[in-house]
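What follows draws every value from the coordinates through simple rules; no lab data is involved. Only a predicted model underlies this, so the values are computations on that prediction, with no experimental measurement involved. Positions of Cβ are generated from backbone atoms using ideal geometry, with glycine treated the same way; all protein chains shown enter the neighbour counts.
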Amino acid sequence: MKTMIDGSTIELQIGDITKQRTDAIVNAANGTLLGGGGVDGAIHRAAGKELLAACKNVRQEELGGKELPTGEAVITRGYQLPATYVIHTVGPVWKGNGQHEEVLLANCYRNALQLAADYQVSSIAFPSIATGVYHFPVNKASRIALETIIHFLRGQAFERVVMTLFSEKDYEVYKTSLEEMIAK
Ligand code: AR6
């Protein structure tokens, strides 16, 4: 599904984000930036070991050895990936007490988009941040993701913003949310 927001295209797709040919892809990382399972593991495997070295360098040089806080984002190159850049962000672990986690998830999308804009990226692909290992409910997450993206696109154009969903089920949830938002 595709829709236009003020000159930018938002696209929902089912697929593997490591295959995306957008200028940047977003990684649902953890604070260590040292890789993990899920989409993080897939991105590190596909990008090659230079990505881990670059992440260690970011930890050292930009974060003073500390972990990347939840909701914030950093950028590296994509190495063996088709995408030029990987933007790493850390989603909130869902503990079921809502509002704080919702704000943090919105921060992930906003900070990743801002970093992409700073690097003159014109196309960017997101996975469904925090809805795997971190257990954020997909329906709630889809609304936060799409609302934050749409709000950002009102002030800053991208050629394409793609949500790359990993299952038909997730795609349907995001599609319903997007349809409801554009009908308003
Ligand atoms: N392409 C697109 N989406 C994918 C892919 C892929 N190749 N692989 C998985 N997904 P998760 P989180 C989907 O668990 O919840 C890691 O260990 C997946 O089906 O990857 O933010 C990190 O190191 C789900 O819909 O990320 C952290 O420790 C979505 O990506 C922790 O998991 C996010 O699931 C982060 O957990």
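Would you grab the residues whose amide H sits under 5 Å from the one on T131? Only those 5+ places off in sequence or on another chain, please, with H modelled 1.01 Å from N.
Answer set, sorted by chain and number: F136.
Beta carbons within 10 angstrom, averaged per residue: use that to sort the peptides 24-31, 169-176, 104-111, 63-70, highest first.
Top of the packing list down: 24-31, 104-111, 169-176, 63-70.
Please say if segment 1-118 is rounded, prolate or oblate, where rounded means a/c under 1.5 for a ≥ b ≥ c the square roots of the C-alpha gyration tensor eigenvalues, and otherwise the choice is prolate for a/b larger than b/c and oblate otherwise?
oblate
Which whole-Hz couplings ³J(HN,Hα) result when phi for each residue of segment 101-108 is put into the Karplus expression 6.51 cos²θ - 1.76 cosθ + 1.60, θ = phi - 60°, listed in order with x for Gly and Pro?
These are the phi-based 3J(HN,Hα) values: 5, 5, 4, 5, 5, 4, 4, 4 Hz.
If the only charges are +1 at each Lys and Arg Cβ and -1 at each Asp and Glu Cβ, what is the size of the charge dipole of the chain around the Cα centre, to the nearest 20 debye?
Dipole size: approximately 200 debye.
Along the charge dipole of segment 2-183, pointing to its positive end and built from +1/-1 on Cβ of Lys, Arg, Asp and Glu, which listed residue (L153, G38, V121) has its Cα farthest out?
G38
Considering only DSSP beta bridges where both residues belong to the chain, give the percentage that are antiparallel (nearest 5).
35 percent
Once the Cβ-Cβ distance between R21 and V58 is put in as r, and R0 is 22 Å, what FRET efficiency do you end up with, to the nearest 0.05?
For R0 = 22 Å, the calculated efficiency reads 0.40.
Peptides 144-154, 79-89: what's the order by average Cβ count within 10 Å, highest mean first?
79-89, 144-154
In which sequence would D16, D118, D23 go, from the one with the fewest C-beta neighbours within 10 Å to the one with the most?
By the 10 Å Cβ count, ascending: D118, D16, D23.
Mind giving me the nanometre distance, one decimal, between the label points for V93 and Q120, set 7 Å out from Cα along Cα→Cβ?
My value for the distance between the label points is 4.1 nm.
Excluding residues fewer than 8 places away in the same chain, name every one of the lysines whose C-alpha is closer than 20 Å to that of K140.
Qualifying lysines at Cα under 20 Å: K95, K169, K175, K184.
Could you list E168, E50, E11 so that the one with the fewest beta carbons within 10 Å of its beta carbon is first and the one with the most is last?
Fewest-to-most ranking of E168, E50, E11: E168, E50, E11.
Can you give the FRET efficiency for K66 and E102, using 1/(1 + (r/R0)^6), R0 = 22 Å, r = Cβ-Cβ distance, to the nearest 0.05?
For K66 and E102, the calculated efficiency is 0.35.
Roughly what would the spin-label model give for E172 and R45, points 7 Å off Cα along C-beta, in nm?
Result: 2.7 nm between the two label points.
Under 5 Å between amide H atoms, partner at least 5 residues away or on a different chain: which partners does N30 have, H built in plane at 1.01 Å?
The list, which skips near neighbours in sequence, is G35.
What does the extension gain come out to for E179 and E147, with contour length at 0.36 nm per residue minus their alpha carbon separation?
Between E179 and E147, full extension yields 10.3 nm more.
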